[in-house]
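Here the structure comes first, spelled out in structure tokens, and everything after it is commentary.
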């Protein structure tokens with residue numbers, strides 16, 4: 001097994017939800033924390049874009065209709 005040392009800004013450490021006094025973290029735990037942070041950021045950005053585009057009020061049926069329309073357009077191309 002190899003050991004890797006990383007320097008992480010204090011705020012990034014907090015943003016990842018890491019224990020403030022932790023001196024080490026398992027690689028897989030760090031990967032999961034980073035993936036969760038990226039997923040959350042992506043979701044928040046998607047919500048922001050949906051609101052700007054006026055899509056945030058769509059019902060599930062309207063969303064499914066949009067998806068079907070795109071799929072049909074692709075299959076007819």
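A few remarks follow.
- Of all residues in the range 24-56, those satisfying the criterion of being free of Cβ contacts under 8 Å to residues at least 12 places away in the same chain and in contact with a helix residue (DSSP H, G or I) (Cβ under 9 Å, 6 or more places away or on another chain) are 25, 55, 56.
- Scanning the range 17-37 for residues that are assigned to a loop (DSSP other than H, G, I, E, B) and either loosely packed, with under 11 Cβ neighbours inside 10 Å or more than 19 Å from the chain's Cα centre (by Cα) (or both) turns up 17, 19, 20, 21, 22, 23, 24, 25, 26.
- Residue 35 under 21 Å from residue 10 (Cα atoms), out of contact with any strand residue (DSSP E or B) (no Cβ under 8 Å at 6 or more places or on another chain) and modelled with pLDDT of 95 or more: yes
- Residues of the range 38-60 classified as on the phi > 0 side of the Ramachandran plot and either outside any loop (DSSP other than H, G, I, E, B) or modelled with pLDDT of 90 or more (or both), total: 0
The values are calculated or read from the model by the stated rules, or taken from the named source; none is laboratory data. The shown structure was predicted, so the numbers you read here are calculated from the model rather than taken from an experiment. Cβ: placed from backbone, ideal geometry, glycine included. Neighbour counts: every protein chain shown.
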